Amino acid sequence: MDDSIIRSCVLFFLVTLDDESRVYSCCEAALTAARKLQHRQSQTRLNPLVVKEATQIYREAHRKTFGARRPLLVSNGPSEELLKEIHSLRDKVSQDQFISFVWSEIAKVNQEDLSEGLGLSHGTIQYRSHQVLRLWAEG
Amino acid sequence: MKKKDQLTLFMAKELLYDYAKGLLKDERKQSFEELLKESGELRLALKSINERIERLEEFDRLEVSEDLIKELSLPHPSLAQQLASIERRFAPQFWRALPLGVLVLAGVVAISIFKPWNYLGLNEVEVAKISMSDDDYRMEAAIALSEKDIEGAMKAQTEKDPEEVVEAPSDMVKSPDDKASSEKEVASAPKEKAKRVGYIYRGFMTVDNLSQVTQSTVDKIQALGGKKAGQVPLGWNRDEDERYFHFSIPEKNKKALLDHLSNFSQVRLSSQEHPLVMPEGKIRIILVVKQNPNVVPKEVEATPPPPLDPAETEESDSSVKEEASP
């Protein structure tokens, strides 16, 4: 498995979830579901499926606990101030806009994988990311 | 550049992200930069966007530990995946339902083992003891049995042994509780030679005024101590032009009844062997009174007969016939 998608997945949940101790279990759930889907659909590319499953978990079940809580083993993470700003931004924009923004600007997932995983065109993802960024810049 | 192709400030603001990301094509980029020189507001907006993009680079410095990546990248065995999926889906419901299931199961087992109703003292209580003579029981049974039951029992007996005349056993009417099962007992009566043979009397008459005769006959039967037998009332409207009387009456009053009936028309009364033996001095009569079709009665009854069936069957197979003179 590509390490970058694991990193992206960790970043996605780190930004979208309030509780850092749940990031690991959500990542594990998303990756497991993506692998299963890959096996079922005989797909060669896992990354779009990880995007899809992680987004699904965030949309529908982010309040559920998938497995035990555990501390996230990361270093050089973002400052608390930045995380707070992003979280406050999450409440100002629509969920779709925020998801596109996080995957595109923070998790830095390949545009092609992102487009396939979210089922959106490149233009839509860029536009949504721009809207969030502009709103953040305008304060 | 044509004027219409020139960027407005509004359009330029929409292109800020693309410019910051380096996504604009040369021509568009050039016109954007021209506008950027002119507009301080646009420069400020671009600066702000770039600052945000730079801040987001903080996330790029994040380092995920090797162990974490290793753990997450390990492919789960297929079976483990399936089990995890099943567990995730059904485990909460299973654990929620388990206590209730165990409780219900324990209850069922306990009930089947201990049978609590045995400890409740639900014994039969004798409320009253009524002594009745054999004749009374026989009379009760005769009244309770419908004509259909009796005919059926008779047929069954004659099919089994047409030569033998069978009598219903006297013990079939031993207690009132046995009334319900008397039908079966009649059907399965042992093949014994009859010491006493029961009889039923069947009568038929045609009258000019059916309604008047019906009422008069009902009154007369009751006056002579007659009692309704079977399931339908005396003078039951079996058909629009037919009335049905099934009753028991003291044998001594038979002549008085025939005298009364002969006032209206000629009565044909025939006796027929029957498995049910009536008490001493009592007889059972089935009388059918029909309206004479050639005479129009004064009062025509419009009410249709109720949907009851007394199961009166053919009378043609009577063995002994006794003509009664009016």
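The values are calculated or read from the model by the stated rules, or taken from the named source; none is laboratory data. These numbers come from a predicted model, not from an experiment. All accessible areas refer to the heavy atoms of the entire protein, side chains included, with ligands and DNA or RNA removed. Shrake-Rupley method; radii C 1.70, N 1.55, O 1.52, S 1.80 Å.
Accessible surface buried at the B:A interface totals approximately 3600 Å², computed with a 1.4 Å probe on protein heavy atoms.
In whole percent, how big is the carbon plus sulfur part of the accessible area of segment A:3-138, probe 1.4 Å, protein atoms only?
The C+S portion of the solvent-accessible surface of segment A:3-138 is 45 percent.
Over segment A:3-138, accessible surface divided per residue gives 44 Å², non-protein components excluded, 1.4 Å probe. Note on surface exposure: B:Asp208, B:Asp18 rank B:Asp208, B:Asp18 by accessible area, highest first, 1.4 Å probe.
Interface residues of segment A:1-43, defined as those losing at least 50 Å² of solvent-accessible heavy-atom surface relative to the isolated chain (probe radius 1.4 Å), are listed as A:Ile6, A:Arg7, A:Tyr24, A:Thr32, A:Arg35, A:Lys36.
Convex hull volume of the Cα atoms in segment A:3-138, per residue, in Å³? Numbers along the way, then the final one.
Values: hull volume 14.3 nm³, N = 136.
That works out to 106 Å³ per residue.
Determine the distance separating the Cα centre of segment A:79-139 from the Cα centre of segment B:207-238; give it in Å without decimals. If you average the Cα positions of each part, the centres end up 99 Å apart.
Taking every protein chain into account, the 1.4 Å probe leaves A:His87 with about 30 Å² of accessible area, to the nearest ten. Phi-derived couplings, Karplus 6.51 cos²θ - 1.76 cosθ + 1.60 at θ = phi - 60°, listed residue by residue for segment A:101-114: 4, 5, 4, 7, 8, 9, 6, 6, 7, 3, 4, 5, 4, 5 Hz, with x used for Gly and Pro.
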